[in-house]
């Protein structure tokens, strides 16, 4: 059962990147672009969302990855998380689970609950590095402490092992 949940979790990881469009707050693309070009990490992440989803801009995964990377390089957790998904899915960048895991970790260490869960999934499956169930439990616990439902469910199953 735990393997099925972990596989489902990986499927959710691969499908949840489009949810990043929820971070878009309706700001006009020209306003976002101007702020992003001025170095605003939040705007850079939003611009990545716009290019990734095709909302208000032509869909361009490479351009999305470029803007997510700019935000991620400034330590912005949403930029790190979104760029990690680009590496998981191979969209706009070459698939690279090790880079994805590293980016999930950076965002998770800042308390970003989605990244805590996703890092736990990668650790539990051994994606992008060695499998480490003890470390996975730690991150699932952090996400569960923030009321992340799926983390609570997987944590219960891992504790039963």
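Scanning the range 44-64 for residues that are part of a helix (DSSP H, G or I), modelled with pLDDT of 95 or more and surrounded by fewer than 22 Cβ atoms within 10 Å (Cβ to Cβ) yields 61, 62, 63. The set of residues in the range 143-161 being within 16 Å of the chain's Cα centre (by Cα) and in a helix (DSSP H, G or I) consists of 143, 150, 151. Residues that are part of a loop (DSSP other than H, G, I, E, B) and on the phi < 0 side of the Ramachandran plot were ranked within the range 16-43; the one that is modelled with the lowest pLDDT is 24. Could you tell me whether residue 90 is at pLDDT 95 or above and more than 11 Å from the chain's Cα centre (by Cα)? So residue 90 passes the test.
Please verify whether residue 121 is within 24 Å of residue 38 (Cα to Cα), crowded, with 22+ Cβ neighbours inside 10 Å and touching a residue at least 60 places away in the same chain (Cβ under 8 Å), treating the condition exactly as stated.
Here the answer is no, as residue 121 does not meet what is asked.
All conditions but one from (1) touching a helix residue (DSSP H, G or I) at 6+ places or on another chain (Cβ under 9 Å); (2) more than 22 Å from residue 159 (Cα to Cα) apply to residue 38; the one that does not is (1).
Considered as a group, the residues in the range 65-107 that are touching a helix residue (DSSP H, G or I) at 6+ places or on another chain (Cβ under 6 Å) and not in a helix (DSSP H, G or I) include one that is surrounded by the most Cβ atoms within 10 Å (Cβ to Cβ), and that residue is 76.
The values are calculated or read from the model by the stated rules, or taken from the named source; none is laboratory data. Values in this document were obtained by computation on a predicted structure and should not be read as measured data. In this analysis, Cβ positions are derived from the backbone assuming ideal geometry, glycine residues included, and neighbour counts consider all displayed protein chains.
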